[in-house]
Every structure is written in C-alpha cells, then in structure tokens.
Amino acid sequence: MLETYAPLVGLFVLAAGFALFSVTAAPFIGPRRYNRAKLQAYECGIEPVDQPLTGGRFPVKYYLTAMLFIIFDIEIVFLYPWAVANDALGVWGLLSMFLFVATIFIAFAYEWRRGGLEWD
C-alpha cells in the first residue's frame, strides 16, 4: 500500500530539495547591486515619503486590474473541471456553465465600461 505513495513522497522531497538549494545558493550566485535607496526601509528603491495616517489614495485602475485578474482566474478554475467532465454532465451541465459564463461576461462588460482595459 505504501509503495503507491512513493512517487508523491519523491516529488515532495524533490520540491523541498529544490527550495532549500535555491534559498541557500541565492546569496552566493545572485547579483549584488546595492545602493543607498535599496538599503532603506523600502526594498523597491523608491524614496519613502511621509503620508497621512490614513494612507494615500490609490487610483481605481489598481482595483479594476485586480478585479479583472480575479474574475478570469476564477473562471478558469471552474471551466477546467467542467471541460474534463463535460460528457457526464449532460444538458444540465451545459446550461449551468452557460449561466456561469454569462455572469462572467457581465463582470467583464462592467470592467470594460469602467476603463479597466485601457493601459495608458
């Protein structure tokens, strides 16, 4: 019974070994281009500025882009198992997936109308 799990255990060991190797080898192999801005609190190199306690306002395009990603990510997560079991679901599965895709299309139309697809 346990020999059926040997490939899975081997995959976990291989993944853990790769992760451990990557973490330990990165400081030795990676580039070392430090400057004054990168050694400050923000690692991205942007000079920190004082903001009010409530934080600054983000443009709505950030949220629209995140919403677009989530919408299509969820769509793919649900479409893949449906495509695999399409024959077994019959007409009910086709109608339910049509309703799901229609709902996703409404969200896509809303995103398009709000300007979330304009990358200027």
Which whole-Hz couplings ³J(HN,Hα) result when phi for each residue of the range 10-23 is put into the Karplus expression 6.51 cos²θ - 1.76 cosθ + 1.60, θ = phi - 60°, listed in order with x for Gly and Pro?
x, 5, 5, 5, 5, 5, 5, x, 5, 5, 5, 4, 5, 5
Show me the ranking of peptides 14-25, 98-109 by mean Cβ neighbours inside 10 Å, starting with the highest.
98-109, 14-25
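At 0.36 nm per residue, minus the direct Cα-Cα distance, what do residue 23 and residue 85 gain on full extension? Give it in nm, one decimal, please.
On the way: separation 62, 0.36 × 62 = 22.32 nm, distance 3.99 nm.
Length gained between residue 23 and residue 85: 18.3 nm.
Determine the gain in length on full extension of the stretch residue 33-residue 102; use 0.36 nm per residue of separation and subtract their C-alpha separation, reporting nm with one decimal. Write down the numbers at each step before the final one.
Working: separation 69, 0.36 × 69 = 24.84 nm, distance 4.97 nm.
Computed gain between residue 33 and residue 102 is 19.9 nm.
FYI, it's all coordinate maths here, none of it is from the lab. Treat the numbers as computed from the prediction; the structure is a model and nothing was measured. Please note: Cβ atoms are built from the backbone with ideal geometry, for glycine as well, and neighbour counts cover all protein chains shown.
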